[in-house]
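Please treat every number below as a calculation from the coordinates, not as lab data. Fair warning: this is a prediction, and the values are worked out from it, not measured in the lab. As a convention, Cβ positions derive from the backbone with ideal geometry for all residues, glycine included, and neighbour counts pool all protein chains shown.
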Amino acid sequence: MGASSGWDDDGVRAAFSLARRGDVRGFNTLVETTQRPIYGLCYRTLGNVEDASDATQEAFLHAYRSFAAFQGPPEAFRAWLYRIASNACLDLLRKRRRRPSESLDGMLEPDADEAPFQIASGDPGPESQALSAETIRRVEAGLARLNPEQRLAVVLCDVQGLSYDEAAAAMAVELGTVKSRLSRARAHLREWLREMGEPAEPPQRLHLQSPTAP
């Protein structure tokens with residue numbers, strides 16, 4: 001996957017080969033190579049630095065303990081690691097949730113061909129950059145309004161750039177469930193942005209920069 005999601009395929013593949021042979025330094029390099037996208041996932045899902053740091057640390061500790069049991073190829077490592085990080089995020093959300101939110105997964109039929117929306121301009125000038133920063137704040141506020149499962153689906157697919165199949169593996173759900181959650185989450189976000197006076201642009205990925213881990 002490309003630099004837009006912060007995932008370095010070549011770097012991961014090289015470090016993965018060393019770690020697979022039991023080289024601890026190889027696994028450390030694997031952590032260094034994947035830390036930014038994993039922290040980005042946790043931050044966008046949890047919404048604050050402290051929880052994102054805790055979830056990231058827990059994810060890598062779990063990955064280290066479980067790595068010897070992982071038998072997949074390097075190409076499958078991404079979804080495997082994102083699944084661990086996703087679970088760490090959802091565990092934290094469940095702990096801090098004061099009341100359960102109603103799941104919307106069964107209420108609407110998703111449009112399987114619906115593409116993610118984009119909030120970005122091609123080559124922004126100073127004024128557009130300021131507007132873009134305000135838009136990003138609105139998107140993040142909108143993400144916080146989604147239920148955890150929908151938020152995670154948007155972050156995985158529309159921010160981190162995972163395919164539907166990878167997101168399904170990362171969330172341990174069926175492909176149709178991913179599409180269902182995305183369809184509703186995107187509809188909620190579009191409505192939220194309209195309420196905030198922000199027009200929804202033609203379909204493309206959300207361009208939110210992955211934050212740097214503290």
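Summary table below
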quantity: Cα-based shape type of segment 40-80, given that a ≥ b ≥ c are square roots of the gyration tensor eigenvalues and the cut on a/c is 1.5; calculated: oblate
quantity: Rough spin-label spacing in nm, given labels placed 7 Å along Cα→Cβ, for residue 13 and residue 134; calculated: 4.4
quantity: Cα gyration tensor, segment 7-84 - rounded (a/c under 1.5), prolate or oblate; calculated: prolate
quantity: Pairwise FRET efficiency - residue 173 versus residue 53, Cβ, R0 = 30 Å, nearest 0.05; calculated: 0.70
quantity: Residue 64 paired with residue 195, simple spin-label distance in nm, labels 7 Å along Cα-to-beta-carbon; calculated: 4.3
quantity: Computed magnitude of the charge dipole of segment 3-96 (debye, nearest 20; Cβ of K, R +1, Cβ of D, E -1); calculated: 220
